[in-house]
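The values are calculated or read from the model by the stated rules, or taken from the named source; none is laboratory data. None of the values given here were measured: they were computed from a predicted structure. All Cβ positions, glycine included, derive from the backbone under ideal geometry; neighbour counts span all protein chains shown.
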Amino acid sequence: MIPDKFYITTPIYYVNDRPHIGHAYTTILADVLSRFHRLLGVPTWFLTGTDEHGQKVQQAAARAGLTPQEQADRTVVRFQELWKRLEITNDDFIRTTEPRHADVVKEILQDLYDRGEIYRAEYDGWYDVGSETFVNERDLNLAPGQSPADLPNIVRIRESNYFFRMSQYQEWLIRYIEEHPRFIQPDFRRNETLGFLRKPLNDLCISRPKSRLAWGIELPFDPDYVCYVWFDALVNYISAIGYRRDEARFRRWWPASYHLIGKDILTTHTVYWPTMLKAMGLPMPECVFAHGWWLVGQTKMSKSLGNVVNPMDMIDRYGVDPFRYFLMAEMVLGQDASFTEEAFVRRYNADLANDLGNLLSRVLKLAYAHFEGKVPEGPSETPRTIAEGDLWHAVQSAASEVESSIAEMRIDAGLARVMEAVRETNRYLEQKQPWSQAKDSDRRPLALTLYTAAEALRSISALLWPVMPGKMIELRVALGLPVDAPRIEGAKQWGVLQPGASLGMPVMLFPRARLEKAATAPVATAAGVVTAEGKGAGSQKKQSAVGPPPTETISYEDFMKADLRTARVLAAERMPNADKLLRLEIEVGAERRQIVAGIAKHYTPESLIGRTIIVVANLKPANIRGIESCGMLLAVTTDDGALRLLTTDGDAPTGARVK
């Protein structure tokens, strides 16, 4: 169901340091969702910005020899410049030092204080300097005999402060979350918040004495205190859209459709913020969606470890759109994802350079060679011939999958389906062989083939436009289309390309990328078995470009110990919570068995059904994620990281021995 409006926010980012891949990911995600909704014709408002108060900013300013405002003014530019480089289409950028925000925060504080929702009391307890929050000793997971003071950033504080009566909303919030399952997503994050709320909820300290922290919004009822940074920051979601200033505008956009956040700020957004809104008498946001972290390999990014990925570096090396595509295609929303440059280059070359870029190049070159660089003649109605009809059906299935993936926050799945449509188009060309059709005097079959492939590309470009807007405009211009943002209706409509219209010049949309290291020769990969350590059994060390290293020879009898058989894929499905694994049901002669294969990044389940593959039939069964895998399929990994299944040259019965 298409909504009548779409209001999406990112967290507002601290100006104590330069932006990193985590900031870029959340903002690109918000941008992609915004562009998809604009593609659907939905009125959209996209808010991002910076959080410029608090202890971290004050400390960063002191280290740099600046005032906090100077620190904020210098650092905010880094975010704004990066968003421009990443082609972010935010409708507003709010800074919490702006009067339009600070004045609203003061009015909210005064109103809550006047109504008894805020009171003054003594606090004697532990304080986390890193997160700028007061903490309970029971929540610190102390080892036996360990004191909170033994932990880094934990200090004892005794002082008078102002508190928001958050505890009185505890039972209401539990009921609300239970009655509105979509309010916190994914589901396991909702359960995490409910687990937090099963313990007694304390009132929230919303002030800091100026003697300890001077950089913040002054409390309107006590000038000796400033507002706690989180109470201040959360208000940005409503101050930016006119709360207490422009009632009509505020009612147009509130409640938010999505607050996108990292999982580390779940409690502030699913406990503090809802209770604040309840006290203000405002509706709740429709959904708070907490995504995972980007890891480097299996390690969390950290400045102290020196492994923080700088988005600017990736953009400079590979371009904006491939970077956007990788982040959206690689992370399953809600789960952590691993970033390595090797993985980036593999996906870039496999999906973009090999599949999509080469497809456009083939179509354009043939059209220029045989149709004078013009759109060939194609059917005015949806094709009824089998091959053309099947391809268009695959493209339309991808369009439907994209729409549902947006509603379900599974952008990675939607993109995987679109890339499968790209591969279907390449397979269509392999089947029709236009280079052979070009030898015939009758040009109608060649025209039909090229027109069908071009129409598929046009539709695919609309589906990929929210993720790679610049490159998809290039693609569309190459197909002779205007430089306009597409609409979803066009992606579903056949016959938009006009026969006889001039095509753009052939372009190299995605030049192949290479890491600055020795190239690797193609090696056989045992894709079907994953050990308990998560490595593919039979994985091989990288080889130099001059050839494989010397290996020990074996006898023919040793080779025959491996029982290699042909098998037909009968069914395939994704493994739950495992973005690299597929479960396949295969037929090996008269026997039916299952295997688990680490090929989900390269093949969709639908594309495997009916294929004849090669398997090691006598491999000892392995238990992978609770599933018994009886065998191992074989594949080849090329030097660009693309994985290709080994199969037979022509039809072969299942169960036939490879020798």
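Just a few scattered comments:
- Some residue of the stretch 151-165 being at pLDDT below 95, within 35 Å of the chain's Cα centre (by Cα), outside any loop (DSSP other than H, G, I, E, B) and over 18 Å from residue 288 (Cα atoms): yes
- Residue match in the stretch 57-73 (condition: touching a Leu at 6+ places or on another chain (Cβ under 7 Å), crowded, with 17+ Cβ neighbours inside 10 Å and modelled with pLDDT under 95): yes
- Single condition residue 296 does not satisfy, out of (1) aliphatic (A, V, I, L, M); (2) in contact with an Asp or Glu (Cβ under 6 Å, 6 or more places away or on another chain); (3) farther than 26 Å from residue 103 by Cβ: (2)
- Checked against the criterion of being touching a His at 6+ places or on another chain (Cβ under 7 Å) and at pLDDT 95 or above, the candidates 50, 27, 44 yield just one match: 44.
- Complete set of residues in the stretch 329-386 that are over 21 Å from the mean Cα position of the chain (by Cα) and among the charged types (D, E, K, R): 362, 365, 372, 374, 377, 381, 384
- Meets criteria (more than 27 Å from the chain's Cα centre (by Cα) and of a type in the set (Gly, Ala, Ser)) for residue 407: no
- With respect to the stated conditions, residue 483 is more than 19 Å from residue 379 (Cα to Cα) and outside any helix (DSSP H, G or I).
- Residues in the stretch 77-92 that are β-branched (Val, Ile, Thr) and either crowded, with 20+ Cβ neighbours inside 10 Å or in contact with an Asp or Glu (Cβ under 7 Å, 6 or more places away or on another chain) (or both): 2 in all.
- Selection within the stretch 184-198 - more than 29 Å from residue 110 (Cβ to Cβ) and either surrounded by 14 or more Cβ atoms within 10 Å (Cβ to Cβ) or in contact (Cβ under 8 Å) with a residue 40 or more places away in the chain (or both): 184, 185, 186, 188, 189, 190, 192, 193, 194, 196
- The stretch 376-401 - residue that is in contact with a Ser or Thr (Cβ under 8 Å, 6 or more places away or on another chain) and not in a helix (DSSP H, G or I) and, of those, nearest to residue 425 (Cα to Cα): 383
- Residue pairs whose Cβ atoms lie under 9 Å apart, sitting 6 or more positions apart in sequence or on different chains, and linking a residue in the stretch 107-130 that is farther than 28 Å from residue 156 by Cβ and without any contact (Cβ under 8 Å) to a residue 12 or more places away in the chain to a partner that is in a loop (DSSP other than H, G, I, E, B) and of a type outside the set (Lys, Arg), are 114/221.
- Being part of a helix (DSSP H, G or I) and touching a residue at least 40 places away in the same chain (Cβ under 8 Å) is a description that applies to residue 31.
- Some residue of the stretch 237-251 being without any contact (Cβ under 8 Å) to a residue 24 or more places away in the chain and either within 30 Å of residue 21 (Cβ to Cβ) or hydrophobic (A, V, I, L, M, F, W, C) (or both): yes
- Matching residues, the stretch 85-115, being farther than 22 Å from residue 211 by Cβ, of a type in the set (D, E, K, R), outside any loop (DSSP other than H, G, I, E, B) and modelled with pLDDT of 95 or more: 92, 95, 100, 103, 107, 111, 114
- Test set (1) assigned to a strand (DSSP E or B); (2) modelled with pLDDT of 85 or more - residue 618 fails condition number: (1)
- Note on the stretch 39-84: residues that are part of a helix (DSSP H, G or I), over 21 Å from residue 24 (Cα atoms) and not hydrophobic (A, V, I, L, M, F, W, C) total 7.
- Positions within the stretch 184-207 being farther than 17 Å from residue 112 by Cβ and touching a strand residue (DSSP E or B) at 6+ places or on another chain (Cβ under 7 Å), in sequence order: 184, 185, 189, 190, 193
- In the stretch 271-298, the residue that is nearest to residue 169 (Cα to Cα) out of those that are part of a helix (DSSP H, G or I) and not aromatic (Phe, Trp, Tyr) is 275.
- Considered as a group, the residues in the stretch 315-340 that are among the charged types (D, E, K, R) and at pLDDT 90 or above include one that is surrounded by the most Cβ atoms within 10 Å (Cβ to Cβ), and that residue is 324.
To keep it simple, each residue is scored yes or no on (1) in contact with a Lys or Arg (Cβ under 8 Å, 6 or more places away or on another chain); (2) of a type outside the set (D, E, K, R); (3) buried (at least 23 other Cβ atoms within 10 Å of the Cβ).
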| position | (1), (2), (3) |
| --- | --- |
| 407 | no, yes, no |
| 429 | yes, yes, no |
| 433 | no, yes, no |
| 466 | yes, yes, yes |
| 469 | yes, yes, no |
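- Restricting attention to the stretch 93-108 and to residues that are of a type in the set (A, V, I, L, M, F, W, C) and closer than 15 Å to residue 11 by Cα, the residue that is surrounded by the fewest Cβ atoms within 10 Å (Cβ to Cβ) turns out to be 93.
- Residues that are within 22 Å of residue 26 (Cα to Cα) and touching a strand residue (DSSP E or B) at 6+ places or on another chain (Cβ under 8 Å) do occur in the stretch 393-414.
- Residue match in the stretch 65-76 (condition: touching a residue at least 40 places away in the same chain (Cβ under 8 Å) and under 27 Å from the mean Cα position of the chain (by Cα)): yes
- Pairs where the first residue, in the stretch 442-461, is assigned by TED's automatic domain parsing to the domain that holds residue 382 and the second is buried (at least 22 other Cβ atoms within 10 Å of the Cβ) and of a type in the set (Asp, Glu), C-beta under 7 Å, 6+ apart: 448/388; 452/388
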